[in-house]
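Take a look at the structure below.
Laboratory data are not the source of any read-out in this text; all were calculated from the coordinates shown. The structure presented is a predicted model; accordingly, all values stated were derived computationally and were not measured. Here the Cβ positions follow ideal geometry from the backbone for every residue, glycine too, while neighbour counts run over all protein chains shown.
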Amino acid sequence: MGKFCSSLTHYARRTTRQVSVRGHKIGGLAPVLVQTMTNTRTLDTEGSVAQIEAIARSGGKLVRLTTRDEREAQNLAPIGEGVRRHFPDVALVADVHFVPQVAAVAATTADKVRINPGNYNDRGGKFEELIELCRERGVALRIGVNHGSLAKKIFDLYGDTPEGMAASAMEFLERCRELDFHNVVVSLKSSNVRVMVYAYRLLVKAMAEAGMDYPVHLGVTEAGNLLEGRVKSAVGIGALLADGIGDTIRVSLTEAPENEIPAAQKLVAHFASRPEEHFPEVDESLFAAYEYTPRPFGTTPVLWSEVANPEEYEVVEAVSHHPVQEWRSRLVGSAPTKPVILHRRYTTANLYDFAIEAAADLGVMFIDSLADGIRIENPNFSQEEIDEIALLILQAARVRISRTEYIACPSCGRTLYDIESTLAAIKERTSHLVGLKIGVMGCIVNGPGEMADADYGYVGGLPDHISLYRGKTLVERNVPQGEAIDRLVALIKADGRWTDPN
């Protein structure tokens, strides 16, 4: 029987080797570590130190910083000195794109270096040089593959697919193993939750077959903000944590970085406190573990409040501490004669926490094509609030589209405009365009590649200037920000995809 995780019948963490980052343990059954990323300029030492201290006070001890060039890589040293006057255990991670030499410099100043393997396209020695520098100082390495930014040779073989993402990561994990360097964490991120889940499952399966046990970093890129951002992240990250996959996580929100920490902590706590509980064995080959398969009934997933004739549905309530495993044990391999509605009761009083719990429990069942509807109960919230969460879960799983989708990056030191207020303004103008996907990206690093699924893109090109995209095609370059939203709306109208709000 093939398995992508340690157990499909009860919650059990996947066993991995342990990676150390300034004393913090990732993997090896250490508690799942939460992290975030600054949005200050990395050359702004004082501002970066202040923000990292705010993150540390919220509980974040692993903080990533934009590292665009050698000057920024060198400036991680004084930032670290400033932070550690009050928070000596905070670890700094250099986020490097494009230039291998920047990663080499960062390995002399940071506690961990994140690279995109798409930037190491040959065996000219740059990767080997980086490994030796990391080895000398005990620096950890994150191999961070992102959907939409695969190396050409991988793209030519696999396309922009979960298989390609997993293959890209495995190529560089093999190189690490050849070099006998194992202080490595790996990530496969996407703004498309299905792609993200399938890619991680394929990677974990490939690692198991290759005798590898590297820990993984989980995240949904460009998840957005507020309730939508938390639900989208929880569906993707929760789908994997439910199967014991995941050793460190980031909930990427288009908000202040310190806001990400409580959301991530809630996700971790939701799984960490679960007691042992066993269910009948489940064979992953009997459900859609690696690609989506439409349900046999051919209907749009429903909310319980929409159901006029309950007798036409089979309602399956999960009452254990492990709802995913409970539902799977009852549904996988069965041939239901009626559409299946999943039922779960909650008592959590905080709206965001409740949404994270429900999304982490229910979302994976729709990604795996095991259900046709949702019934959520919580006495603390109105039916309208519950239905909004349920619709966001279905949208994140991409089985029912009920609103505009915003693929919005969380902001970082590369961001070239005020993305948080801009996202709010774009939502105000376009939130009635149901089914349209709009990427709101701070810089060219994250767009257009990482907004691969977007219909339109609003991407920082120069400070306070925006480039507009139709899909991945550049339409207008360096539009003054004050004009850019109007021009985006005009582009949508010119394509015949605009409808007036009711």
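Points to keep in mind about this one:
- Ordering of 280-292, 22-34 by packing is 22-34, 280-292, highest average first (other Cβ atoms within 10 Å, averaged per residue).
- Packing-based ranking of 245-252, 178-185 yields 245-252, 178-185, ordered from highest to lowest mean Cβ neighbour count within 10 Å.
- The chain, helix-only ellipticity at 222 nm - DSSP H runs n ≥ 4, -39,500 (n - 2.57), divided by all residues, nearest 500: -11500 deg cm²/dmol
- Look at the Cα gyration tensor of the stretch 405-494: its axes a ≥ b ≥ c give a/c under 1.5, and that counts as rounded.
- For the chain: rounded, prolate or oblate by the Cα gyration tensor [a/c cutoff 1.5]: oblate
- Taking a ≥ b ≥ c as the square roots of the eigenvalues of the Cα gyration tensor, the stretch 240-375 is prolate, since a/c reaches 1.5 or more and a/b is larger than b/c.
- Proximal aspartates and glutamates to Lys493, defined as alpha-carbon separation beneath 20 angstrom and excluding residues fewer than eight positions away on the same chain: Glu405, Glu428, Asp453, Asp455, Glu476, Glu483
- Note on the chain: dipole from Cβ charges, positive end direction compared against Gly298, Thr404, Pro88; the farthest Cα belongs to Pro88.
- Distance violations [Cα-Cα > 29 Å] among Lys266/Lys472; Lys205/Lys437; Lys61/Lys152; Lys112/Lys189; Lys189/Lys266: Lys266/Lys472; Lys205/Lys437; Lys61/Lys152
- Backbone HN-Hα couplings from phi across the stretch 35-42 [Karplus 6.51/-1.76/1.60, Hz, Gly and Pro as x]: 8, 8, 9, 6, 10, 7, 6, 5
- The residues packed around Asp486, meaning those with a beta-carbon under 11 Å from its beta-carbon, carry a net charge of +2 if Lys and Arg are +1 and Asp and Glu are -1.
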